[in-house]
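The structure appears right after this line, and notes come after that.
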Amino acid sequence: MTTFAPIFAPAQIRAAVDDRAWFEAILDAERGLVNAGAACGIVPLRAAELVAECCRVDLYDVETILAAGRDVGNPVEPLVRAIRERVGVEGAEWVHRGATSQDMLDSAAMLVAARSIDLILEELAGAAAALAGLAETHQRTVMAARTLLQQAVPTTFGLKAANWLVGLLDAWNCLGRVRRDGLAVQLGGAAGTLAAYGSAGGVMLELFSRELGLAEPTLPWHTNRVRMAELGGALCAAAGASGKIGRDITLLAQTEVGEVVERPLAGRGASSTMPHKRNPIGSVIAVACARSAAAAAGLLVASPPHELERAAGAWHAEWGALSDALLYAGGSAAAIREVLQELVIFPERMRDNLDRTGGVVLAEQATFALAERVGLTEARAILARLSDRSIEGCSLRDELLADASVREVLSEEEIDALVDPHSALGAVDTLVGRALARYAVEVGGGQ
């Protein structure tokens, strides 16, 4: 986690991935292990109670244990020593029994991920709710669609919001699947054989997964890191879907475009030198977080090639990357939720911008209509010629009316209909309806 984390993520997201959260998760794993051992008949009940009572994060100096972990390359070994010292003779031998440091740290990583993902999913659901409202309200609010940053054809702001919504739903589902099925406990012992538990190893794995509320893996996954790659990919997708919305809003909020604006609340977006500035800072943060999440997730996605039965360095590199991927995915989702809930829309400006090109954005529709009379090749040639003049400041309607070859086959009423942007919206109503129906089924029922 960086020095600048408070700028990029809200407090609850930061707390879910900080040092204390990790140590709490490791201690939860140690408690779950000894409880599973007691349930399995391997650990005496009294000893399990003593160990469980000592698995509380407030009992330990996190910084001291982290410093001691440098000598052994992980924080679990010094923490286990500290637990044993606190438990005393009666329970010390049952602490961490049969496990390896990676078992506890990997299980802790899954707990940290689970707790953080729950928060991220809440943020994504909140953003999706805001988008569903925008899509419904502005289903017929006409504006210019832009490809390669140039006006293309008419669309509506409702459809744009619906597209953002579907992207968030895709990410929400992807992350939800990982949360439900992909976060599994780790328990294999020294080399993944569960040898310390003898024939009870399979039962221990099942009981341990129940204790932690995580999935039970088919096998120990010490060097099978596909699970981490899937987690990284899902976090990258969640941040990317939020960042996409942030990028679009920054473009639409440019002074010269002015179609949307982030509501200026309590000095948000203020400049240190220009009193008039109100920067779209929420969207900027969403974009920045998406970039940072992708960088961190990239290490997780590249994680699977681990050596033999225990990686030499690749495993260690995952810990910080996972924290960062969770932090920035949550930060991006939280930022874009805040933006969308207060976004101000300017329908009149959208229409003004659409009209700035003199109706040339209707050239495609006019081409297809004219093609029915003169053929597509001839129609494209005519509209290309007329569009060039429209770009120079002329009206496409006037150019169509003035062109003899067009007037031979199209009436003035037909031309007027062709240059009305509302007549070129295609299946917008159907598409927005599909997005809203999906939202209602997948997320809306729980809001």
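The values are calculated or read from the model by the stated rules, or taken from the named source; none is laboratory data. Just so you know, these numbers come straight off a predicted model, no measurement behind them. Neighbour counts run over all protein chains shown; Cβ positions are idealised from the backbone, glycine included. Heads up: the accessible areas ignore ligands, DNA and RNA and are worked out on the full protein's heavy atoms, side chains in. Shrake-Rupley method; radii C 1.70, N 1.55, O 1.52, S 1.80 Å.
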- Take Arg351 and decide whether it is at pLDDT below 95, open to solvent by 10 Å² or more (accessible area, probe 1.4 Å), assigned to a helix (DSSP H, G or I) and over 19 Å from Ile245 (Cα atoms). no
- Item | Selection within segment 198-217 - buried (at least 18 other Cβ atoms within 10 Å of the Cβ), farther than 24 Å from Ser323 by Cα and touching a Phe, Trp or Tyr at 6+ places or on another chain (Cβ under 9 Å) | Met204, Leu205
- Item | Of residues in segment 218-229 being within 24 Å of the chain's Cα centre (by Cα) and crowded, with 19+ Cβ neighbours inside 10 Å, the one nearest to Gly182 (Cα to Cα) | Arg227
- Among Ala128, Ala113, which is in a helix (DSSP H, G or I), open to solvent by less than 20 Å² (accessible area, probe 1.4 Å) and under 20 Å from Ile245 (Cα atoms)? Ala128
- Message: Among the residues that make up segment 288-295, is at least one of them over 20 Å from Glu230 (Cα atoms), touching a residue at least 40 places away in the same chain (Cβ under 8 Å), in a helix (DSSP H, G or I) and open to solvent by 20 Å² or more (accessible area, probe 1.4 Å)?
- Response: yes
- Message: Can you say whether Phe346 is aromatic (Phe, Trp, Tyr), in contact (Cβ under 8 Å) with a residue 12 or more places away in the chain and surrounded by fewer than 20 Cβ atoms within 10 Å (Cβ to Cβ), as far as the supplied structure shows?
- Response: yes
- Of all residues in segment 298-320 being of a type in the set (A, V, I, L, M, F, W, C) and not in a helix (DSSP H, G or I), the one that is nearest to Asp71 (Cα to Cα): Ala312
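Any residue in segment 48-62 that is over 30 Å from Ile336 (Cα atoms), among the hydroxyl-bearing types (Ser, Thr, Tyr), in a helix (DSSP H, G or I) and more than 29 Å from the chain's Cα centre (by Cα)? So that I can check it myself, show each step before the final result.
The first filter runs over segment 48-62 and keeps only residues over 30 Å from Ile336 (Cα atoms), leaving 48-62.
Narrowing further to those that are among the hydroxyl-bearing types (Ser, Thr, Tyr): 60.
Narrowing the set further to residues that are in a helix (DSSP H, G or I) leaves none.
Looking for residues that are over 30 Å from Ile336 (Cα atoms), among the hydroxyl-bearing types (Ser, Thr, Tyr), in a helix (DSSP H, G or I) and more than 29 Å from the chain's Cα centre (by Cα), one finds none in segment 48-62, hence no.
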- Output for segment 24-59, where each listed residue is under 28 Å from Gly320 (Cα atoms), among the aliphatic types (A, V, I, L, M) and surrounded by fewer than 20 Cβ atoms within 10 Å (Cβ to Cβ): Ala52, Val57, Leu59
- Out of Asp170, Asp103, Asp118, which single residue is at pLDDT 95 or above, closer than 24 Å to Ala321 by Cβ and over 16 Å from the mean Cα position of the chain (by Cα)? Asp103
- Would you mind stating whether Ala21 is open to solvent by less than 20 Å² (accessible area, probe 1.4 Å) and either touching a helix residue (DSSP H, G or I) at 6+ places or on another chain (Cβ under 8 Å) or not aliphatic (A, V, I, L, M) (or both)? yes
- Being on the phi > 0 side of the Ramachandran plot and free of Cβ contacts under 8 Å to residues at least 60 places away in the same chain, is that true of even one residue in segment 71-86? no
- Message: So if I check each of Ala196, Ala200, Ala191, which one is part of a loop (DSSP other than H, G, I, E, B), more than 27 Å from Glu122 (Cα to Cα) and of a type in the set (Gly, Ala, Ser)?
- Response: Ala191
- Contacts under 6 angstrom Cβ, first residue in segment 198-225 being under 21 Å from Ser101 (Cβ atoms), partner of a type in the set (S, T, N, Q) and part of a loop (DSSP other than H, G, I, E, B), 6 or more apart: Arg225/Ser303
- Query: If you check Leu326, Leu265, Leu251, which single one turns out to be at pLDDT 95 or above and farther than 20 Å from Asp170 by Cα?
  - Reply: Leu251
- Message: Give me the residue from segment 148-175 that is in a helix (DSSP H, G or I) and over 30 Å from Met228 (Cβ atoms) and, out of that set, most open to solvent (accessible area, probe 1.4 Å).
- Response: Asn163
- Within segment 356-413, the count of residues that are of a type in the set (S, T, N, Q), more than 45 Å from the chain's Cα centre (by Cα) and surrounded by 12 or more Cβ atoms within 10 Å (Cβ to Cβ) comes to 1
- Output the number of the condition that Ala92 fails; it satisfies all remaining conditions of (1) open to solvent by 50 Å² or more (accessible area, probe 1.4 Å); (2) farther than 28 Å from Thr223 by Cα; (3) among the aliphatic types (A, V, I, L, M). (1)
- Message: Looking at segment 354-361, can you tell me whether even one residue there is charged (D, E, K, R), assigned to a loop (DSSP other than H, G, I, E, B), over 26 Å from Thr137 (Cα atoms) and modelled with pLDDT under 95?
- Response: no
- Would you tally the residues in segment 407-447 being under 19 Å from Leu168 (Cβ atoms), modelled with pLDDT under 95 and touching a strand residue (DSSP E or B) at 6+ places or on another chain (Cβ under 8 Å)? 0
- Task: Would you check which residues across segment 119-144 are farther than 17 Å from Arg434 by Cα, of a type in the set (A, V, I, L, M) and touching a residue at least 60 places away in the same chain (Cβ under 8 Å) and list them?
- Result: Leu119, Ile120, Leu124, Ala125, Ala127, Val142, Met143, Ala144
- Among residues of segment 131-147 being of a type outside the set (A, V, I, L, M) and touching an Asp or Glu at 6+ places or on another chain (Cβ under 9 Å), the residue surrounded by the most Cβ atoms within 10 Å (Cβ to Cβ) is Gln139
